[in-house]
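J.: Here you go, one structure.
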There are 2 protein chains.
Amino acid sequence: MSSAVSPLAPKRVPDMPAIAGVRLATAAAGIRYQGRTDVLMAVLEKGTAVAGVFTRSKCPSAPVEWCRERLEAGSARALVVNSGNANAFTGRSGRGATKLTASLAAKAIGCRPSEVFLASTGVIGEPLAADKFAGVVDRLAADAAPTAWLDAARAIMTTDTFPKVATATARLGGATVTVNGIAKGAGMIAPDMATMLAFLFTDAPIAAPALQGLLARGVVDSFNAVTIDGDTSTSDTLLCFATGAAAARGAPWIARANDRRLGDFRRAFDGVLGNLAEQVARDGEGARKLVEVVVEGAVTKRSARRIALSIANSPLVKTAIAGEDANWGRVVMAVGKAGEPADRDRLAIWFGDIRVAHRGARDPAYDEAAISAVMKRPEITVKVGLGLGGGRDRVLTCDLTKDYVAINGDYRS
Amino acid sequence: MSSAVSPLAPKRVPDMPAIAGVRLATAAAGIRYQGRTDVLMAVLEKGTAVAGVFTRSKCPSAPVEWCRERLEAGSARALVVNSGNANAFTGRSGRGATKLTASLAAKAIGCRPSEVFLASTGVIGEPLAADKFAGVVDRLAADAAPTAWLDAARAIMTTDTFPKVATATARLGGATVTVNGIAKGAGMIAPDMATMLAFLFTDAPIAAPALQGLLARGVVDSFNAVTIDGDTSTSDTLLCFATGAAAARGAPWIARANDRRLGDFRRAFDGVLGNLAEQVARDGEGARKLVEVVVEGAVTKRSARRIALSIANSPLVKTAIAGEDANWGRVVMAVGKAGEPADRDRLAIWFGDIRVAHRGARDPAYDEAAISAVMKRPEITVKVGLGLGGGRDRVLTCDLTKDYVAINGDYRS
């Protein structure tokens, strides 16, 4: 397993400001790793609203089920995340572990267990020794500090090669509010899989249903538009917490997601989601190239999305890009297999700015040297024009390299 | 690109008998390759019935469109197949190339161009120089002989590592009839993709609609139950020809696919389809292990198929098998992402004969040494029990190795 930082990692880590009402702490509970932190606790002020979206897997992890059941109440006082064990496919003992973790955290900070949200990532099918949290929760609650964002992002990493943080500010009414986010992406620990976890925090005073509306809309073109290998974790979790602390500085209370005053906030919120999602693609297992797939001229956006995902998930397209080969024949194949309306004789394909195919055949002006230069870049856009309608969409992925196979095919020790 | 024969190749090549009414010849037309044959012509007796199934791609190759349009007439006098150029995504010139090829062949053997069926495999997006066939069709027609089956299978290979042939006999009425088949599988030539071509021939007197019925049913559990990487070629073609010559030996004319006298013929026909489909999986690009995925206890067979394909197409499952890792956590993931009814707490998973998971958790009796021995075998069965109903299905695939990435990610020269 490679431990080198992905060559696609952002060049600069942003300064992460404090968010009123959020305090963070990390600890080494020894769940699986040695010599590193593996638990994150976020302590949230009373009145914090929560929203969440989760894996669509029919076999979700115990923490995913725990969060789903508690989301309706809409109120959160803590988030506890561990790495090293996913608490997935652990049956009755898995449910017991979530209960115990929530009770321990609730006791440490003085809230109800139902106000504690949970996420786990790591090994599947092994019981999570949640009693190990007993030794650290009191200290976590006591140590929690407003600026430990990078430490928080580090504690939830599995084989991510860099911690993922993002921040943005927005005007809401007369006040400036902040959105911070952390994420972990497609890393694996045998016998685990790529699990995506992301957590957003804001001091904006937004009621839970409005926050859920913002989130449901925001993930469409961010986390739901990223694919590493088309596989879906049992544990994917994206939670969003709004402390409402900015109300004291004049920010208005927002009850509905379609409130017009949310315009600038939505931009910041979607920006953080998009930034984190892109970092996940930049840290795809074995990735050497960030690949943007753009589909235009589809009959609808939904159809464009399906075609874009068909291209982004095609092993033949992804290996070609790894080999710096502008193999548009495979793009044609991936368009064709998507099952969406497409007319071969109207199809156009670009790599970067260079059109390689036009009206269902190779572009006669196609210059091999120019395309070769495009394919050597670390960031590559594949664009398909269908010429049928106004549907457009974009997804992010990465190439498929021998390192992906090495990372995921290593013998289990 | 590796040229070594797949370690999963069948140990023995069957003797291929003649089929009355079928003659075969191959030639080197120099479409792309040097020093090998690249054209196959099958000359068929008057009255030969034809049936076919094709790629579901929305961007099919020109020969696929040609065959589809001519299938309804149900009558064939020749099949011309070339390797080296797929004549796909070639626009108007592609249609011209099919027309020219059919005309040349028709003239050489004395039939109508509409009775000539075509298939091409190889490079995509480059015009097929069909005029090169002009130099070889007359000799092909003259040389065609009844026993050149292995040569025929060799002429249509791209990066297949071995030729694929299969044969079976059956009783039909009072006569013995024969079914022969040849196929090519998942090989690629930059910038091409895995294209599957297969051709079956029989002397049984079966009318075209009945043959189509047999074929449509026969592919469900053979070629449609094989996946290498989930990618769908623009050119996949499976054609079946029935000369009817066995009528002279007393075989009854069959007009309908549900004719009861077809029982033994169907067994032989399905056997050849299944055998060839398995050989395709055994020659999957970079394959080191043949993987059988069995799903039981699903709500329907259709649901079982979807879950089996989700497992068989999962890069994480396939890389784990390449690494000889009985990573059942990834199997849970693949079941979960299929979107089909599944109850995590009833799930059971086996590798070979060893149950590794039971009732939604690791099987307590799971023996690491025994499972390790299973995973070292060249043929591995992954079985999932859903515990919901009587739906059962089976698909074949292979592992995902670094060689797959090397074969498909090599720099284009």
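The values are calculated or read from the model by the stated rules, or taken from the named source; none is laboratory data. Just so it is clear, the model here is predicted, and its values are computed rather than measured. Don't worry about glycine lacking a Cβ; one is built from the backbone with ideal geometry, like all the others, and counts go over all protein chains shown. Only protein heavy atoms, including side chains, enter the accessible area calculation; ligands, DNA and RNA are left aside. Shrake-Rupley method; radii C 1.70, N 1.55, O 1.52, S 1.80 Å.
J.: So, of the residues in segment B:236-258 that are in a loop (DSSP other than H, G, I, E, B) and either over 11 Å from residue B:204 (Cβ atoms) or hydroxyl-bearing (Ser, Thr, Tyr) (or both), which turns out to be farthest from the other protein chains (Cβ to nearest Cβ)?
T.: B:250
J.: Does segment B:313-330 contain at least one residue that is more than 7 Å from chain A (Cβ to nearest Cβ) and either assigned to a strand (DSSP E or B) or open to solvent by 40 Å² or more (accessible area, probe 1.4 Å) (or both)?
T.: Yes, segment B:313-330 contains at least one residue that is more than 7 Å from chain A (Cβ to nearest Cβ) and either assigned to a strand (DSSP E or B) or open to solvent by 40 Å² or more (accessible area, probe 1.4 Å) (or both).
So that you can scan it fast, the table gives a plain yes or no per residue for (1) hydroxyl-bearing (Ser, Thr, Tyr); (2) closer than 28 Å to residue A:374 by Cα; (3) out of contact with any strand residue (DSSP E or B) (no Cβ under 6 Å at 6 or more places or on another chain):
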site: A:233; (1), (2), (3): yes, no, yes
site: A:247; (1), (2), (3): no, no, yes
site: A:263; (1), (2), (3): no, no, yes
site: A:283; (1), (2), (3): no, yes, yes
site: A:302; (1), (2), (3): no, no, yes
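J.: Something else about it: Quick one: would you say residue B:335 is out of contact with any Leu (no Cβ under 8 Å at 6 or more places or on another chain), closer than 19 Å to residue A:56 by Cβ and surrounded by 24 or more Cβ atoms within 10 Å (Cβ to Cβ)?
T.: no
J.: Counting only residues that are in contact with an Asp or Glu (Cβ under 7 Å, 6 or more places away or on another chain) and open to solvent by 10 Å² or more (accessible area, probe 1.4 Å), which one in segment A:18-29 is farthest from the other protein chains (Cβ to nearest Cβ)?
T.: So the residue we want is A:20.
J.: A further question follows. Does segment B:92-103 hold any residues that are more than 13 Å from residue B:67 (Cα to Cα) and open to solvent by 10 Å² or more (accessible area, probe 1.4 Å), and which are they?
T.: B:92, B:93, B:96, B:100, B:103 - these are the residues of segment B:92-103 that are more than 13 Å from residue B:67 (Cα to Cα) and open to solvent by 10 Å² or more (accessible area, probe 1.4 Å).
J.: I need a count of the residues in segment A:384-404 that are assigned to a strand (DSSP E or B) and within 16 Å of residue A:340 (Cβ to Cβ).
T.: Qualifying residue count, segment A:384-404: 7.
J.: Could you please find all residues in segment A:50-70 being closer than 25 Å to residue A:255 by Cα, part of a helix (DSSP H, G or I) and open to solvent by 30 Å² or more (accessible area, probe 1.4 Å)?
T.: If the condition is that a residue be closer than 25 Å to residue A:255 by Cα, part of a helix (DSSP H, G or I) and open to solvent by 30 Å² or more (accessible area, probe 1.4 Å), then A:68, A:69, A:70 are the ones that fit.
J.: Now, a different point. Looking at segment A:373-383 only, could you name the residues that are in contact with a strand residue (DSSP E or B) (Cβ under 9 Å, 6 or more places away or on another chain) and either in a loop (DSSP other than H, G, I, E, B) or surrounded by 15 or more Cβ atoms within 10 Å (Cβ to Cβ) (or both)?
T.: Listed by number, the residues that qualify are A:374, A:375, A:378, A:380, A:381, A:382, A:383.
J.: Suppose we filter A:288, A:261 for residues that are on the phi < 0 side of the Ramachandran plot, at pLDDT below 95 and in contact with a Pro (Cβ under 7 Å, 6 or more places away or on another chain); which single one remains?
T.: None of the others qualify; the one that does is A:288.
J.: If you don't mind, another one. Out of A:342, A:370, I need the residue that is more than 27 Å from residue B:404 (Cα to Cα), part of a helix (DSSP H, G or I) and hydrophobic (A, V, I, L, M, F, W, C). Which one?
T.: A:370
J.: Please verify whether residue A:45 is of a type in the set (D, E, K, R), surrounded by fewer than 23 Cβ atoms within 10 Å (Cβ to Cβ), within 30 Å of residue A:255 (Cβ to Cβ) and touching a Gly at 6+ places or on another chain (Cβ under 7 Å), treating the condition exactly as stated.
T.: Yes; evaluated as a whole, the condition is true for this residue.
J.: Quick check on segment B:357-368. Is at least one of its residues open to solvent by less than 30 Å² (accessible area, probe 1.4 Å) and more than 8 Å from every other protein chain (Cβ to nearest Cβ)?
T.: yes
J.: Search segment B:266-292 for residues that are over 30 Å from residue A:405 (Cβ atoms) and pair each with any residue that is in a helix (DSSP H, G or I) when their beta-carbon atoms are under 8 Å apart and the residues are at least 6 apart or on different chains.
T.: From residues that are over 30 Å from residue A:405 (Cβ atoms), the pairs are B:266/B:214; B:266/B:218; B:269/B:214; B:269/B:218; B:270/B:218; B:273/B:218; B:273/B:223.
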